[in-house]
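Participant: Sharing a structure below in structure tokens format, with a few things to ask.
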Amino acid sequence: MFLNKGNKHSPSLINTLLQEWPLWLLIVAALVLGAVIYPQLPERVASHWNFRGEVDGYSSRFWGAFGIPLMTAGIYLLMLFVPLIDPRRENYENFAGAYRAIKAATVIFMICIHLVVVLSVLGFQVPVGKVIPAGVSLLILIIGSRMGQLRHNYFVGIKTPWTLASEEVWQKTHRLGGRIWVAAGILGLAGALLGGSAGALVLAAALALAVIVPVVYSYLVYRRISE
């Protein structure tokens, strides 16, 4: 729940935080892990890998230990407060369960990325070229499975000029978009199993599918209902 009668937000924020305590526990645990391993980290920490799973980017020791958990906390806080400033904030009540699922999936995904970075830096052989694409694909799949439940708003979902202009276009686009995103997630998982350049190509195709098809469809639906 995000809003109360009388438009008093604080109690509902507290209730949301209490309901979602496992997410905060994950973020705090990731920060504690960062503090524990900080002395063991080198000055330059691997932070980016190419499609072959080879390191091609580095960051500071501080970023390696705390960067992703702090970013995750920021993303979670943003998602927590967004419903309070959205002009369509009353609609969030109608997809509260889906919104919680998306928040949880996002936080868990980010913390898993942090674990991959930490384990790799500590010398564990993590198949990054398969794990990261699989995580991205699972996130797409989970969001897609909830997308059809999203209601008209200005922050969450497929926001094109045509979905924002019409609730009918919004609903139709998100119903189709949800199926497309689930299919893209499954396709991406298949690509993650392949690994290498072929897997990267499959994942790229899946992401393109998830982005382009709903945008084009929203335009076509808007044109049809406007004629």
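Participant: Go through segment 64-96 and give me each residue that's more than 18 Å from Ala29 (Cβ to Cβ), assigned to a helix (DSSP H, G or I) and either among the acidic types (Asp, Glu) or out of contact with any helix residue (DSSP H, G or I) (no Cβ under 6 Å at 6 or more places or on another chain) (or both).
Facilitator: Residues satisfying the conditions are Leu78, Leu80, Phe81, Val82, Leu84, Ile85, Glu90, Asn91, Glu93, Asn94, Phe95, Ala96.
Participant: Among the candidates Leu220, Leu194, Leu203, which residue alone is farther than 26 Å from Leu78 by Cα and either touching a Pro at 6+ places or on another chain (Cβ under 6 Å) or assigned by TED's automatic domain parsing to the domain that holds Asn50 (or both)?
Facilitator: After applying the criteria, what remains is Leu203.
Participant: Looking at (1) polar (S, T, N, Q); (2) buried (at least 21 other Cβ atoms within 10 Å of the Cβ); (3) in contact (Cβ under 8 Å) with a residue 60 or more places away in the chain, find the lone condition where Ser197 falls short.
Facilitator: (2)
Participant: Do we find a residue being of a type in the set (A, V, I, L, M) and touching a strand residue (DSSP E or B) at 6+ places or on another chain (Cβ under 6 Å) anywhere in segment 118-125?
Facilitator: yes
Participant: Limited to segment 166-194, what total is found for residues that are under 18 Å from Val156 (Cα atoms), under 18 Å from the mean Cα position of the chain (by Cα) and crowded, with 18+ Cβ neighbours inside 10 Å?
Facilitator: Number of matching residues: 6.
Participant: Restricting the search to segment 105-134, which residues are at pLDDT below 95, touching a helix residue (DSSP H, G or I) at 6+ places or on another chain (Cβ under 8 Å) and not hydrophobic (A, V, I, L, M, F, W, C)?
Facilitator: His114, Ser120, Gly129, Lys130, Pro133, listed by residue number.
The values are calculated or read from the model by the stated rules, or taken from the named source; none is laboratory data. Model, not experiment: these values are computed from the prediction. All Cβ positions, glycine included, derive from the backbone under ideal geometry; neighbour counts span all protein chains shown.
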